[in-house]
Amino acid sequence: MRKLLYAAAISVMGAVPAFAETLPQVDVYKSPLCGCCSEWVEHMRAAGFPVNVRDVEDMTPLKKMAGVPEEMESCHTAVVDGYLVEGHVPASDVKRLLTERPEARGLSAPGMPVGSPGMEQGGHKDPYDVILFGGKTGDRVYSRQNTP
């Protein structure tokens, strides 16, 4: 029965292109009251990531267990393919991370930079850095965003 349904779907929709991008699931842990976190989730979905949202009342213990350094913290924490993504990191940086696969704990957009995905406020955008953290060589700037 499944094969029949699959064959019918292919005949109606056409073959799936061989170059179609398959992205891993992003598990997002956030406060149930955080609107900017929900906006970031939508940014990731729009970029093609399947996203699973888990509302957490107190993020502090989760961040400590995950190994997010205090100076890297933001409002939400995500896990994707073994990496942490802390805060409003652009989807393009997450895709680059998954392609390059550096030895690191993950990426962070520390704080809540205005103009980052989910933190849009009209046309105003503050410059900010996305940091690769937890690597053997220490933390480093992974990308610079909203630079003139």
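The values are calculated or read from the model by the stated rules, or taken from the named source; none is laboratory data. Please read these numbers as outputs of a predicted model, since none were measured by experiment. Backbone-built Cβ (ideal geometry, glycine too); neighbour counts: all protein chains shown. Surface accessibility is based on the protein's heavy atoms, side chains included, excluding ligands, DNA and RNA. Shrake-Rupley method; radii C 1.70, N 1.55, O 1.52, S 1.80 Å.
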What angle, in degrees between 0 and 90 and rounded to the nearest 10, separates the Cα long axis of helix 2-13 from the longest principal axis of the Cα atoms of the chain? 80
Between residue 45 and residue 70, the two model label points (7 Å from Cα along the beta-carbon direction) sit apart by a distance in nm of 3.6
Expressed as an acute angle from 0 to 90° and rounded to the nearest 10, what is the orientation of the C-alpha long axis of helix 91-100 relative to the principal long axis of the chain? 80
Quick check on segment 66-142: what are the equivalent-ellipsoid semi-axes from the Cα gyration tensor, as sqrt(5λ), descending, whole Å? 21, 13, 11
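When the dipole is taken about the Cα centre of segment 83-148, and only Lys, Arg (+1) and Asp, Glu (-1) are charged at their Cβ, what size is it in debye, to the nearest 20?
Working: 8 positive and 8 negative charges, 40 e Å.
Dipole about the Cα centre, nearest 20: 200 debye.
Taking segment 45-144, how many lysine pairs are there with alpha carbons less than 23 Å apart, if each pair must be eight or more places apart or span two chains?
Lysine pairs, 8 or more places apart or on different chains, close enough: 5.
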Averaging over all projection directions, find the projected area of the Cα convex hull of the chain and quote it in nm² with one decimal place. 11.8
As a test question: what accessible area, to the nearest 10 Å², does residue 80 have when a 1.4 Å probe is rolled over all protein chains in place? 0
If contacts are Cα pairs under 8 angstrom and at least 6 residues apart, what is the relative contact order of the chain in percent? 18
Positive-end extreme of charge dipole, segment 70-148 - chosen from 97, 80, 107 (charges on Cβ): 97
Computed FRET value (nearest 0.05) for residue 98 with residue 52, which takes r as the C-beta separation and R₀ as 22 Å: 0.85
Helix 35-46 versus the longest principal axis of the chain: what is the Cα-based angle in degrees, 0 to 90, to the nearest 10? 40
For the chain: accessible area per residue (Å², 1.4 Å): 58
At what distance in angstrom do the alpha carbon centres of segment 42-80 and segment 115-130 lie from each other? 18
Per the 1/(1 + (r/R0)^6) rule, R0 = 22 Å and r from the Cβ atoms of residue 81 and residue 60, FRET efficiency to 0.05 is 0.35
Helix-only CD estimate at 222 nm, as mean residue ellipticity for the chain, using -39500 (n - 2.57) per DSSP H run (n ≥ 4): -8500 deg cm²/dmol
